[in-house]
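Every read-out reported here was derived from the displayed coordinates using simple, explicitly stated rules and does not represent laboratory data. Model, not experiment: these values are computed from the prediction. Cβ: placed from backbone, ideal geometry, glycine included. Neighbour counts: every protein chain shown.
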Amino acid sequence: MKKYGWEFKHKAVTKAFKNGIKPTARELKISKNTLKRWIKIYKEKKLKNEEFKIEKMIVFLKEKEPNITLKEIQKNLKNKKILISLKKIYFVLKKYGISNKSLLPFQGEKSNENVEKIERVKYLIEKDDFKNAAKILNSLPSLYDFSILKNFPQRYLSLRRKVEQLIAIWGNLSMKEMYKRAKKLRTKCEKRKMLISAMLAATMEMNALNFLGKIEKIYFLYKKYKRYLKGIPLSLKYAFLNECFIAFYKKPEKYPLNIFENFLSNFEKFCLKLEKQENENKIQWFYLLSGWFSLKEDIKKSLKWIEKIIFDEKIDIQHKKIYFSQYFPLLILKGEYKKVIKKIDKDFLKETPLPGLLRISLSLANAFLGIGKVEKCLKIAFDGFLKAKKEHIASMISGFLFLISCCYSALKEKKKSKRYLRMALYFSKNLERTKIFYNSLLKFSPIQNQKISFRFKLLNLYISFGKTLKYKDYIKVHKFAEKKGLIGILHHIILLHPEPIINLLKKGKNPFLSPEFLNLPIFNEIPVFKVFLLRKKEFITYGNKKIKISDSKDFHFIIYLFLNRKRFIEKEKIYKIFFKNSKNPYKSLIKSLSRIRKILGISKNNLFLKKEGVFFDMDAKIDLEEFENRYKMGKVLEKIGEINKALKEYKEAINLYKKPPFEKIGYYYNFAEDKRNIIINMYKEMKETISNYACLS
């Protein structure tokens, strides 16, 4: 027996308890102080072992029966002749991360002792000594950060650590693989009576099932564990019910009507309390709460809670990436497309987990469609569709197919658009609300549903407007979409059913859509005003309709408005040109504007008077402007030596020129005489240039 070895120390301590310290020290030839130190260490170790056994018993009792109270645990231990206070029991549960105040299921506090042990684990992992690293990891009551488990070999970990590893590897596995692994671990936990661990595994299982669109299985898990919801930590309760809530919104008929009645308000109170605390884990609850409000279609509140994470300067961008997958879709719903494009780049997408990456890709594609870049949108949408299909993520497959349908509709390919919308409808068969929405869009019929959502109501309002074609009904649609933060949804509806909007545009009404959106091919057939000032007789057309105007003040005023469109014209300037001799120029101006609106068939939204002056908000093609632009382009080309191209531009300009503009002086004299002389000189210069080059050749 080696002196001072473990066996020698154990023999010395045992003899000392039997014979006394002094005789034992003399017999074994060691000092009394050394033997006393060994006895102290032995007692402390024995006490620690006893404490560890009691802790394990407390945790086992709580895991076996989640609804057990502290008093019931105390009584159970008392029957085994173990006396322990309620405070001590609570402390043990907190230490193991299963108390009510635990901010994440099983997650413990960041103590100095735990930090030291985790640093030791990291060192052993670097040395590929996973066996010893696992001994330390498995011995810890709880971890403050599950990321240490991310790439750890599963075979070395305890069952509880394997369950916690699911949180660390979320996004690294396909949802199909995540479902299989979570289900397997849940079953093992159930067999060992580790029901709280089983519920955490079930939460991850339901998360995967939600992505895969298998709602029936989520309801099965809800029924299985709902009786334990009162006794489990609040953090696990909210995480578990969060997945049930998502499933409820996909298939509401499966769940009791009152299950989520007060839950959202209670959850928000829970998060408001967390907001005042300095704890980095609270952001995960803000993320979940934002998701709940998003499902409830309360976009303002959803943005409020996710922005608490996004705009928190204490959180680094890498840590925030997972939360942007919730933020960007909300911006798309609000129609803030440019903000999304500005924030997303290739580097941003590199390390984002796949489910989040797909949501961000869908947002980016939507943003490009919103600013009129259909080709870019289609490229991203098809790529996202293939990835989602490979991973069997039904909600994402459906979302990408719906967007592709919108793209083809924007390109005026109606057959393709309907085909992809039917495909989107097929893949949304397990997503009840999505299915209802797509089906209504396909048939363009109102949704009859007692539990109607805001997007359903928006679609119903648009369908109603489609029947009446009244501008006031469209204003109702737009105001509702703006109020509820559903402008992005309105744009999708418009793309799939653009006829009512085209009708408005033909009437010259303002649909409050961006110029980029209105530049989509589907709106190309909408007529614009064409003003001809270089023809033998000046006139204006709108589509096939020729606007008849006599040679009057109104006609000259209309030409003046077209030449100065899209900017405020000072009232004093107008008075000086057109109402110089009027006793009441303001009244005359009001009457003239009213007549012009009637002549052109436009509304006050397109031609209005404010303090700043008169504003004429209409697009137009004017042959005079085209003539000038071709002249200028010809001069640029001539300067850089592109003579043939310059001459081509000059010839195109001359073809437009049938006579000098503003020939009948009238009111033109007050604002167009100088312009007339400039145009005549341009024409002469171009004729001369063409003639000179013809002589040289």
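Highest first, please rank the peptides 199-205, 271-277, 209-215 by the mean number of other Cβ atoms sitting within 10 Å of their residues.
Most protected by this proxy first, the peptides run 199-205, 209-215, 271-277.
Given the pairs LYS251/LYS483; LYS95/LYS226; LYS301/LYS476; LYS296/LYS338; LYS314/LYS389, which are separated by over 30 angstrom at their Cα positions?
Values: LYS251/LYS483 27 Å; LYS95/LYS226 25 Å; LYS301/LYS476 23 Å; LYS296/LYS338 25 Å; LYS314/LYS389 37 Å.
Result: LYS314/LYS389 exceed 30 Å.
Just to verify a number: FRET efficiency for PHE568 and LYS651, C-beta to C-beta distance, R0 = 56 Å, to 0.05?
Working: r = 37 Å, r/R0 = 0.67.
For R0 = 56 Å, the calculated efficiency reads 0.90.
Report the extension gain between ASN519 and ASP129 in nm, rounded to one decimal, defined as 0.36 nm multiplied by the number of residues separating them, less their alpha carbon distance.
So the chain would gain 134.2 nm between ASN519 and ASP129.
Per residue of the range 557-570, in order, report the coupling 6.51 cos²θ - 1.76 cosθ + 1.60 (Karplus, θ = phi - 60°) as ³J(HN,Hα) in whole Hz, putting x for Gly and Pro.
With coefficients 6.51, -1.76 and 1.60, one gets 5, 4, 4, 4, 5, 5, 6, 10, 5, 6, 8, 6, 10, 4 Hz.
Report the charge-dipole magnitude of the range 538-651 in Debye, nearest 20, computed about the Cα centre from +1 at each Lys and Arg Cβ and -1 at each Asp and Glu Cβ. Walk me through the numbers before you get to the answer.
Values: 28 positive and 15 negative charges, 117 e Å.
Once rounded to the nearest 20, the dipole reads 560 debye.
When only DSSP loop residues count, what GluC sites (Glu not before Pro) in the range 619-680 have their Cβ near at most 15 other Cβ atoms within 10 Å?
Within the range 619-680, the qualifying GluC sites (Glu not before Pro) (loop, at most 15 other Cβ atoms within 10 Å) are GLU642, GLU663.
Please name whichever of HIS556, TYR337, LEU35 sits farthest to the positive end of the charge dipole of the chain, dipole taken about the Cα centre and charges placed at Cβ: Lys and Arg +1, Asp and Glu -1.
Working it through, the farthest residue towards the positive pole turns out to be LEU35.
In what order do MET178, MET618 fall by count of nearby beta-carbon atoms within 10 Å, going from fewest to most?
So the ranking, lowest neighbour count to highest, is MET618, MET178.
Going by C-beta contacts inside 10 Å, put ARG676, ARG161 in order with the fewest on the left.
In increasing order of surrounding Cβ atoms, one gets ARG676, ARG161.
Can you find, among ILE310, ALA381, ASN114, the residue sitting farthest towards the positive end of the charge dipole of the chain, where Lys and Arg contribute +1 and Asp and Glu -1 at Cβ?
Farthest towards the positive end: ASN114.
What order, most packed first, do the peptides 75-81, 143-149 have when packing is the mean number of other Cβ atoms within 10 Å of each residue? Write down the numbers at each step before the final one.
Details: 75-81: 10.7, 143-149: 18.1.
Listed from highest to lowest mean packing, they are 143-149, 75-81.
What is the set of long-range amide H partners of ILE622 at a cut-off below 5 Å, with H atoms built 1.01 Å from backbone N?
VAL531
Can you compute the modelled spin-label distance between GLU72 and LYS675, with each label point 7 Å from Cα toward Cβ, in nm?
Using points 7 Å along Cα→Cβ, the separation is 8.7 nm.
Could you pull out every residue, at least 5 positions away or on a different chain, whose amide H is within less than 5 Å of the one on LEU411? Hs are placed 1.01 Å off N in the peptide plane, and Pro or chain starts have none.
Amide H neighbours of LEU411, under 5 Å, 5+ apart: none.
Just subtract the alpha-carbon distance of GLU177 and SER603 from 0.36 nm times their residue separation and send over the number in nm, one decimal.
Additional length available on full extension: 147.5 nm.
Compute, for the range 194-270, the length of the dipole vector about the Cα centre, with Cβ point charges of +1 (Lys, Arg) and -1 (Asp, Glu) only. Units Debye, rounded to 20.
I would put it at about 220 debye.
Placing +1 at every Lys and Arg Cβ and -1 at every Asp and Glu Cβ, with all other atoms neutral, what dipole size does the chain have around its Cα centre, in debye to the nearest 20? Write out the running numbers ahead of the final one.
Numbers: 153 positive and 70 negative charges, 693 e Å.
So the dipole magnitude of the chain works out to roughly 3340 debye.
What does the highest-first list of 297-304, 579-586 look like by mean Cβ count within 10 Å? Before the final figure, lay out each step's value.
Details: 297-304: 18.1, 579-586: 11.9.
Per-residue mean Cβ counts within 10 Å order the peptides as 297-304, 579-586.
Which FRET efficiency value, to the nearest 0.05, do you get for GLU275 and LEU28 by plugging their Cβ-Cβ distance into 1/(1 + (r/R0)^6) with R0 = 51 Å?
Rounded to the nearest 0.05, the efficiency is 0.20.
Using 0.36 nm per residue of separation minus the Cα-Cα distance, give me the extension gain between GLU113 and GLU190 in nm, one decimal.
Working: separation 77, 0.36 × 77 = 27.72 nm, distance 3.16 nm.
That pair, GLU113 and GLU190, stretches by 24.6 nm at full extension.
Cross-link partners among aspartates and glutamates for LYS604, C-alpha distance below 13 Å, same-chain residues fewer than 8 apart left out?
ASP617
Could you check the simple spin-label distance between GLN154 and LEU469, using points 7 Å along Cα→Cβ, in nm with one decimal?
6.2 nm
Relative contact order of the chain: what whole-number percent is it, with Cα pairs under 8 angstrom and at least 6 residues apart?
Relative contact order here is 7 percent.
So for ILE309, ILE41, fewest C-beta neighbours within 10 Å to most, what's the order?
ILE41, ILE309
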